[in-house]
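J.: One structure, pasted below without further comment.
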Amino acid sequence: MVHLLETEKLTIRFGGLAAVNEVDLTVDHGETVGLIGPNGSGKTTFFNLLTGIYRPTEGSIRYAGENLVALPTFKIAKQGIARTFQNNRLFLNLSVLDNVLIGMHPHQDSNWFDAIFRRRYVEKEIEKGVEKGLELLSQFSEELASHCYQRAGDLPQADRRKVEICRALASNPKLLLLDEPSAGMSPAETEELMEDIRRVRQKVRGIGIIIIEHDMAVIREVADRVVVLNYGRKIAEGTFQEISSNELVLEAYLGREEKNAQA
Ligand SMILES: Nc1ncnc2c1ncn2[C@@H]1O[C@H](COP(=O)(O)OP(=O)(O)OP(=O)(O)O)[C@@H](O)[C@H]1O
Ligand SMILES: [Mg+2]
């Protein structure tokens, strides 16, 4: 069977540092993979490789059977890979709805010619976009949808994260990459987030998700399989149960803590 995503020996070096080092990782349709590891272990860099922000030094990325390496970021987005960022990347001065509409860009095909000579076509496209944007927001909560004309910067952190996920979903992704979605959330907000992720999985059938998280409760709840990185290398892979009793994993986390304590 062709995996939705398959990386082989994926590697990037920054000078002497291999931030991601020979990582093999697969995601299947409908599967949620948790990507964990101590700070600086290469998780975000792995996403940057998948989305074409960085070009690998070595290794391959196959997505739905096709090679993604060397494709520009916008083409990768168009193929159906969407992400959220560790640090919120909303346009804070734009409305909630506008932020979601921006996510649809990879699939909108009207251009300046249409804007001048085929106004009706462009208006239709915008109308359809607004309808879909509102639908996405209301899937998360009616309240969020009712704030769609509010400035995104005026929303609390947890809601901004939801808007970011909506923006990612607006591009109809087949693979969704979430970089620490629960960062800065209260336990109650984190609970809600887990619900949201479950709902996305149900609604968008077949969607593959990679979720980077420091909150192990989230990983335990939502990940079908967990991959652990340490210093750029994959050191373990398995169910949450399996990796949480893995010696190498415990050492990776504890070792760093000891080092930090000594520093
Ligand atoms: N553009 C870059 N140039 C040089 N080094 C980089 C670059 N991007 C990342 N790194 C380094 O690669 C390593 C992995 O960083 P990365 O941000 O991927 O870690 P992470 O696992 O996401 O950590 P965190 O949990 O803190 O978010 C770090 O040592 C980082 O300093
Ligand atoms: Mg990171």
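J.: Could we say that E66 is under 29 Å from N246 (Cα atoms) and either within 16 Å of ligand 2 (Cβ to nearest atom) or more than 17 Å from the chain's Cα centre (by Cα) (or both) here?
T.: In short, no.
J.: So, one more: Could you tell me whether any residue of the range 125-145 is without any contact (Cβ under 8 Å) to a residue 24 or more places away in the chain, of a type in the set (G, A, S), out of contact with any Lys or Arg (no Cβ under 8 Å at 6 or more places or on another chain) and closer than 16 Å to D98 by Cβ?
T.: yes
For every residue, the table says whether it meets (1) touching a strand residue (DSSP E or B) at 6+ places or on another chain (Cβ under 8 Å); (2) closer than 18 Å to G40 by Cα.
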| position | (1), (2) |
| --- | --- |
| A217 | no, no |
| A223 | yes, no |
| N230 | no, yes |
| E247 | no, no |
| E251 | no, yes |
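J.: Restricting to the range 1-40, what's the tally of residues that are free of Cβ contacts under 8 Å to residues at least 60 places away in the same chain and more than 14 Å from ligand 1 (Cβ to nearest atom)?
T.: Here the count works out to 7.
J.: Kindly indicate the residue of the range 39-63 that is under 18 Å from the mean Cα position of the chain (by Cα), hydroxyl-bearing (S, T, Y) and not in a loop (DSSP other than H, G, I, E, B) and also nearest to ligand 2 (Cβ to nearest atom) among those meeting that condition.
T.: Once the filter is applied, the top-ranked residue is T44.
J.: Do the conditions hold for I165, that is, is it under 30 Å from G42 (Cα atoms), surrounded by 15 or more Cβ atoms within 10 Å (Cβ to Cβ) and in the same structural domain as H214 (by TED's automatic domain parsing)?
T.: Spelling it out, it is not the case that I165 is under 30 Å from G42 (Cα atoms), surrounded by 15 or more Cβ atoms within 10 Å (Cβ to Cβ) and in the same structural domain as H214 (by TED's automatic domain parsing).
J.: A188 versus (1) among the aliphatic types (A, V, I, L, M); (2) free of Cβ contacts under 8 Å to residues at least 40 places away in the same chain; (3) surrounded by 14 or more Cβ atoms within 10 Å (Cβ to Cβ): which is the lone unmet condition?
T.: (3)
J.: Would you confirm whether or not the range 189-199 contains a residue that is under 18 Å from V100 (Cβ atoms) and among the aliphatic types (A, V, I, L, M)?
T.: yes
The values are calculated or read from the model by the stated rules, or taken from the named source; none is laboratory data. Just so it is clear, the structure is predicted and the values come from calculations on it, not from any experiment. So basically every Cβ, Gly included, is an ideal-geometry build from the backbone, and we count neighbours across all protein chains shown.
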